[in-house]
Amino acid sequence: MKRLILSLGLALLVAAAVAPAASAKQKIGLSFPTAATTGALYPLGAGIANLWNTKLDTVNARVQASNGGIQNLNLLKSKDAQVSFAVSSITYEALNGMRGFKDRAYGDVRILAGLYYNPNQVVSRGELNVNSLADFKGKRFAPGAAGGTTEVESRVHFTAAGLQYPDDIKAQFVGFTESIDLMRNKQLDGAWIMAGMPTAAVTEMCATAGGKLVPIGDEIIAKLQAEYPWYSKFIIPAGTYDNQKEDVQTTAVKMLLLTDASMPEDLVYSLTKTFWENLDELTKAHAVMKTVTPDMAVKDLAGIPLHPGAEKYYKEAGILK
């Protein structure tokens, strides 16, 4: 009898030890690529992942650095990521098989939430006489890492300004972190950064590399809007960065939190609900979230469809009718 009791006790101990492991295995893993670690998206993604992991016991979200929007969309399309970020312009092109996505349209991309407006921030070294995009002709410029959103944005804008690289601009395809060091060492004349404000890379360039913001003129914005209706005119307020004494005009597009159509509706509903019902916590992850309100979730989405799980939440919350 004692042996039987001992055996039963041992079996219960083993079962108790195995149960947490089994439960942990049942968690849904979410790979969450963001962007470079010096941009706004990496800390924001980390904050969102931490929120989901804390509030939802069925989720294990893992944030990681990436080259940005195009790579993020490719990872979603190949099912190597389940949640990610990209701006509306790049996502629209992916959905419709345009430009870099020609002959490989990503028709299953879906929106979990529309977030903030993401401005293009063009920086030059302050001692250079660069006051417009056209002034970068012949200069050493970092349009962004190859395959990233910023590289596409810079190419589109410079084309509108009548410049091409490599013919007119000495392009160096490096990320934000490398751009800061190259600007500081005067090995680079300018860089293109697309991120929420304030972003660490622009702050560093302005504070330690004598950087200044370069405006984008009305004529170029009008030309862009005629071809790409997702662009908005945007003002970076004076004082956003060191030594920025005046407002600076630029363009902006909507930053989107994305997923794939194959993601379960109830899971996406839970992710969406948890995101918006804990918005105050996300302002600690990045100041840009202070500008975000729930009604922005479904505005200016460039016709890209919402995931049914997200749509369900927005209808329940009265954001969608």
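The values are calculated or read from the model by the stated rules, or taken from the named source; none is laboratory data. Please read all numbers here as calculations on a predicted model, not as lab measurements. Cβ atoms come from the backbone with ideal geometry, glycine included; neighbour counts cover every protein chain shown. Quick note on the areas: whole protein, heavy atoms, side chains included, nothing else; ligands and nucleic acids left out. Shrake-Rupley method; radii C 1.70, N 1.55, O 1.52, S 1.80 Å.
For the criterion of being of a type in the set (A, V, I, L, M), in a helix (DSSP H, G or I) and out of contact with any Pro (no Cβ under 9 Å at 6 or more places or on another chain), Ala238 fails. Open to solvent by 20 Å² or more (accessible area, probe 1.4 Å), among the polar types (S, T, N, Q) and part of a loop (DSSP other than H, G, I, E, B): is that true of Asn131 in this structure? Considered against the rule, which asks whether it is open to solvent by 20 Å² or more (accessible area, probe 1.4 Å), among the polar types (S, T, N, Q) and part of a loop (DSSP other than H, G, I, E, B), Asn131 comes out as yes. The condition of being farther than 30 Å from Ala46 by Cα, open to solvent by less than 30 Å² (accessible area, probe 1.4 Å) and among the β-branched types (Val, Ile, Thr) holds for only one of Ile216, Ile180, Ile236, Ile193, that being Ile216. Scanning region 256-275 for residues that are aromatic (Phe, Trp, Tyr) and within 20 Å of the chain's Cα centre (by Cα) returns a single hit, Phe275.
Filtering region 201-213 to residues that are crowded, with 20+ Cβ neighbours inside 10 Å and not in a loop (DSSP other than H, G, I, E, B) leaves Ala201, Val202, Glu204, Met205, Cys206, Gly211, Lys212, Leu213.
Tyr92: under 12 Å from the mean Cα position of the chain (by Cα) and outside any loop (DSSP other than H, G, I, E, B), yes or no? When the stated conditions are applied, Tyr92 does not pass them.
Can you tell me which of Gln64, Gln82, Gln121 is under 24 Å from Val292 (Cα atoms), open to solvent by 10 Å² or more (accessible area, probe 1.4 Å) and more than 14 Å from the chain's Cα centre (by Cα)? Gln82 is the lone residue from the list that is under 24 Å from Val292 (Cα atoms), open to solvent by 10 Å² or more (accessible area, probe 1.4 Å) and more than 14 Å from the chain's Cα centre (by Cα).
When Thr274 is tested against (1) part of a helix (DSSP H, G or I); (2) of a type in the set (S, T, N, Q); (3) open to solvent by 20 Å² or more (accessible area, probe 1.4 Å), just one condition goes unmet, and that condition is (3). Quick check, is Leu133 touching a residue at least 40 places away in the same chain (Cβ under 8 Å) and within 29 Å of Asp167 (Cβ to Cβ)? Answer is yes for this residue. Could you tell me whether Gly162 is under 24 Å from Glu93 (Cβ atoms) and either among the hydroxyl-bearing types (Ser, Thr, Tyr) or under 19 Å from the mean Cα position of the chain (by Cα) (or both)? So Gly162 does not fit the description; no. Checking the structure you have, find out if any residue of region 137-146 is open to solvent by less than 50 Å² (accessible area, probe 1.4 Å), touching a residue at least 40 places away in the same chain (Cβ under 8 Å), over 26 Å from Pro215 (Cβ atoms) and of a type outside the set (Val, Ile, Thr). Scanning region 137-146, I find no residue that is open to solvent by less than 50 Å² (accessible area, probe 1.4 Å), touching a residue at least 40 places away in the same chain (Cβ under 8 Å), over 26 Å from Pro215 (Cβ atoms) and of a type outside the set (Val, Ile, Thr), so the answer is no.
Residue count for region 138-153 satisfying the condition of being among the small types (Gly, Ala, Ser), on the phi < 0 side of the Ramachandran plot and at pLDDT 95 or above: 1. A search for C-beta distances below 8 Å between a residue of region 154-178 that is free of Cβ contacts under 8 Å to residues at least 40 places away in the same chain and any residue that is of a type in the set (Ser, Thr, Tyr), counting only pairs 6+ apart in sequence or on different chains, returns Arg155/Tyr165; Phe158/Tyr165; Ala171/Tyr165.
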